[in-house]
Amino acid sequence: MSKEEEVMTFHNESAISRISLWSNIIGFTILIFSLIGFANTAYSIISNWDQVVLSLPPTLFERIAVFAGQVFLEPLKGVFYFLVLRGVSQLLNLGLDLYYADAEMVE
């Protein structure tokens, strides 16, 4: 296989490392933005507590469900996306390690 063909394959260490790096960067960016959004929502709820209490349903279970949905849904989405992207990064690195370990055994 020539050098030009090798650059175009997915078994290029630098390409996999770049994908892994960008996966980590995007994952941490999503996590930071979701935490900023959580802080903004918490501040908004705390500063407007009287209006929030009046807008909640009358029963306790419904209040807990609505309040938890308003406060914790966005950060949980961000944490989920962060974990998925970190998992992709780790799987790419693991696959790269396995590929090079197999290549060393063949040699």
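Taken together, the values in this text are just the output of simple stated rules run on the coordinates, not laboratory data. This one's a predicted model, so the numbers in the text were calculated from it and none came from an experiment. For neighbour counting, all protein chains shown are included, and Cβ atoms are generated from backbone atoms with ideal geometry for every residue, glycine included.
Worth pointing out:
- Each Lys and Arg Cβ is given +1 and each Asp and Glu Cβ -1; about its Cα centre, the stretch 44-107 then shows a dipole of about 460 debye.
- Virtual spin-label span in nm between Ser47 and Ile64, 7 Å along Cα→Cβ: 3.0
- Packing-based ranking, highest mean first, of 39-46, 55-62, 20-27 given that Cβ atoms within 10 Å are counted: 20-27, 39-46, 55-62
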